[in-house]
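Before any comments, here is the structure.
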Amino acid sequence: MAAKTTHAKTNKSSFGQRLKEVREAKGLTKDKFGKAVKIHYSQIGRYERNEASPSADVLKKMGNALGVTTDFLMNGTTSDMANENIQDKTLINQFNRISELSEQNKTVVSTLIDAFLFQQEMKQKLAQ
């Protein structure tokens, strides 16, 4: 009897999962998508199962064919990345609220954060 391999589930969406979700959302079969990016459908399956990674050129073709950025395919949304990298849920909530502000207000918030961080760095240097 062959051993069954199991993979631990994580909150993170992988490249393969995002690729499959977007492809299916666009109503494309692996075959149609493969033809659009000039790759055999079986290779699309390997990408979706995270058994292989596309070259930069292929990744760009995939993004163009699906109408998404290569950054989205590789990393997910900005919110996904924040949720994966920021452990403090209060900061995540604040980040999400800030992202809904006007560009002018986002600039104000960014300037305030930069000023505060600069001040903290200077205090640390002066304390040494």
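Of the helices (runs of 4 or more DSSP H) contained entirely in the stretch 20-128, those carrying at least 2 residues that are among the β-branched types (Val, Ile, Thr) fall at 89-99, 103-127.
What about Leu73, is it in contact with a helix residue (DSSP H, G or I) (Cβ under 9 Å, 6 or more places away or on another chain) and surrounded by 15 or more Cβ atoms within 10 Å (Cβ to Cβ)?
Considered against the rule, which asks whether it is in contact with a helix residue (DSSP H, G or I) (Cβ under 9 Å, 6 or more places away or on another chain) and surrounded by 15 or more Cβ atoms within 10 Å (Cβ to Cβ), Leu73 comes out as yes.
Pairs linking a residue in the stretch 43-64 that is in the same structural domain as Glu21 (by TED's automatic domain parsing) to a residue that is surrounded by 12 or more Cβ atoms within 10 Å (Cβ to Cβ) and polar (S, T, N, Q), with Cβ atoms under 6 Å and 6 or more positions apart or on different chains, are Asn50/Ser14; Leu59/Thr70; Lys60/Thr70; Gly63/Thr69; Gly63/Thr70.
The values are calculated or read from the model by the stated rules, or taken from the named source; none is laboratory data. Note that the structure is predicted; figures quoted are calculated from it, not measured. Don't worry about glycine lacking a Cβ; one is built from the backbone with ideal geometry, like all the others, and counts go over all protein chains shown.
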